[in-house]
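Just below is one structure, and these are the notes that go with it.
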Amino acid sequence: MKLDSKKYFVAQWACFTLLPILALAQSRDLAANLDACKAGRSTCDSSLLTSSETAALATMLHARNVANCRNGLDSCDRSKLSKPEAIALAVSDHKKNVSACAGGLHNCDPSKLTPSEARDSFLADHDRNITDCKDGVGACDHSKLSVPEAGSVATARRQLNVSDCKEGVGICDHSELTPPEAELVVTAEHRRNAQNCESGWSQCDRSLLTPPEMARTINAEQQRNLAACKDGKETCDYAKLSPAESKTLADAEHKRNYVACLKGYGYCDPSRLTAEETSSLPASAH
């Protein structure tokens, strides 16, 4: 009897010890199953869901299907939409198609437009073609232009060519310029070259500069070099400094070195100090 009693208590102890572990494992399995159901994975076992979980899952999946339909995804199941949802989707799809047609997008379906919408879409496409032809971009179709529109496009293209030539951008065709336009372009090109030289830019042809422009360019170069030397930049060319500029820089550097030694902050070279400056330093700086 004592042996049987001992076995009974051992069995009871094992049962009470394992119960929490088993419960935790089961809880984790149920949570994993719920996640699988929410994600729509094939491992979902709907029989393991509680009634509240089943209801919440159905609501979530329905909302996801509505969103998929609104976003035009292949996973949309229109048969699961309610009547109001189906109507709202049809309205949304129609608006998207009207917008796509007005914007000339490839997903436009003209067959779904009303006569008024089709007319607006045609006018938008026509205006877009005129703009493309004037700007020389996009899919310009000259065959769709009326005689007045073609004349307007030709004028716009000529003006754009003049602008491109003057600004040095785009595709400039000098052969299309009138004599007065060509003269304006030459003046603009000369001014742009002078500005490039004065600013130190690479698109500079010094051979085209007038004496005053060359003088301004040389002065600008000297000022840039002086600024680089003052800032201690590697682009500084000390050989190009005038005697006065060299002295000004040397005086400024001497002052900076003295202040650094005096305050104990920054690079200090005591050997460059005068005897008077050395004697004025704090004792700790000697």
Legend entry - Residues satisfying the stated conditions in region 155-214, i.e. closer than 24 Å to Lys134 by Cβ and of a type in the set (A, V, I, L, M, F, W, C): Ala156, Leu160, Val162, Cys165, Val169, Ile171, Cys172, Leu177, Ala182, Leu184, Val185, Ala188
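Would you pick out the residues in region 104-119 that are assigned to a helix (DSSP H, G or I) and surrounded by 11 or more Cβ atoms within 10 Å (Cβ to Cβ)?
Residues of region 104-119 assigned to a helix (DSSP H, G or I): 110-112, 115-119.
Scanning region 104-119 gives Pro110, Lys112, Glu117, Ala118, Arg119.
Residue-wise test of (1) outside the structural domain of Ala194 (by TED's automatic domain parsing); (2) within 33 Å of the chain's Cα centre (by Cα); (3) surrounded by fewer than 16 Cβ atoms within 10 Å (Cβ to Cβ).
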residue: Ala102; (1), (2), (3): yes, yes, no
residue: Ser121; (1), (2), (3): yes, yes, no
residue: Cys133; (1), (2), (3): yes, yes, no
residue: Ser143; (1), (2), (3): yes, no, yes
residue: Ser146; (1), (2), (3): yes, no, yes
residue: Ala150; (1), (2), (3): yes, no, yes
residue: Arg158; (1), (2), (3): yes, no, yes
residue: Val162; (1), (2), (3): yes, yes, no
residue: Glu167; (1), (2), (3): yes, yes, yes
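Yes or no, residue by residue, for (1) in contact with a Gly (Cβ under 6 Å, 6 or more places away or on another chain); (2) closer than 30 Å to Leu273 by Cα; (3) surrounded by 12 or more Cβ atoms within 10 Å (Cβ to Cβ):
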position	(1), (2), (3)
Trp201	no, no, no
Ala215	no, no, no
Leu226	no, yes, yes
Gly232	no, yes, no
Tyr238	no, yes, no
Thr248	no, yes, yes
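Considering each residue of region 197-230, count those that are farther than 25 Å from Glu245 by Cβ and in a helix (DSSP H, G or I), and give that number.
2
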Inset, instruction - Of the conditions (1) in contact with an Asp or Glu (Cβ under 6 Å, 6 or more places away or on another chain); (2) closer than 28 Å to Ala215 by Cβ, Gln195 clears all except one; give me its number. - result: (1)
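Specify the residue that is surrounded by the most Cβ atoms within 10 Å (Cβ to Cβ); the eligible residues are those in region 250-275 that are basic (Lys, Arg) and under 14 Å from Lys230 (Cα atoms).
Our first condition is that a residue be basic (Lys, Arg); within region 250-275, this holds for 255-256, 263, 272.
Now narrow it down to the ones that are under 14 Å from Lys230 (Cα atoms): 255-256.
Details: Lys255: 10, Arg256: 13.
The extreme case among them is Arg256.
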Inset, instruction - Inspect region 149-165 for any residue being outside any helix (DSSP H, G or I) and not acidic (Asp, Glu) and give the result as yes or no. - result: no
Legend entry - Residue in region 247-274 that is nearest to Lys233 (Cα to Cα), counting only those that are part of a helix (DSSP H, G or I) and among the acidic types (Asp, Glu): Glu253
Inset, instruction - State the number of residues belonging to region 134-148 that are hydroxyl-bearing (Ser, Thr, Tyr) and either assigned to a loop (DSSP other than H, G, I, E, B) or in contact with a strand residue (DSSP E or B) (Cβ under 8 Å, 6 or more places away or on another chain) (or both). - result: 1
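Suppose we filter Ser75, Ser92 for residues that are in contact with a helix residue (DSSP H, G or I) (Cβ under 8 Å, 6 or more places away or on another chain), assigned to a loop (DSSP other than H, G, I, E, B), within 30 Å of Cys37 (Cβ to Cβ) and without any contact (Cβ under 8 Å) to a residue 40 or more places away in the chain; which single one remains?
Numbers: Ser92 fails: assigned to a loop (DSSP other than H, G, I, E, B).
The match here is Ser75.
The values are calculated or read from the model by the stated rules, or taken from the named source; none is laboratory data. If you're wondering where the values come from, they're calculated on a predicted model, not measured in any experiment. Cβ coordinates were reconstructed from backbone atoms using ideal geometry, including for glycine residues, and neighbour counts include every protein chain displayed.
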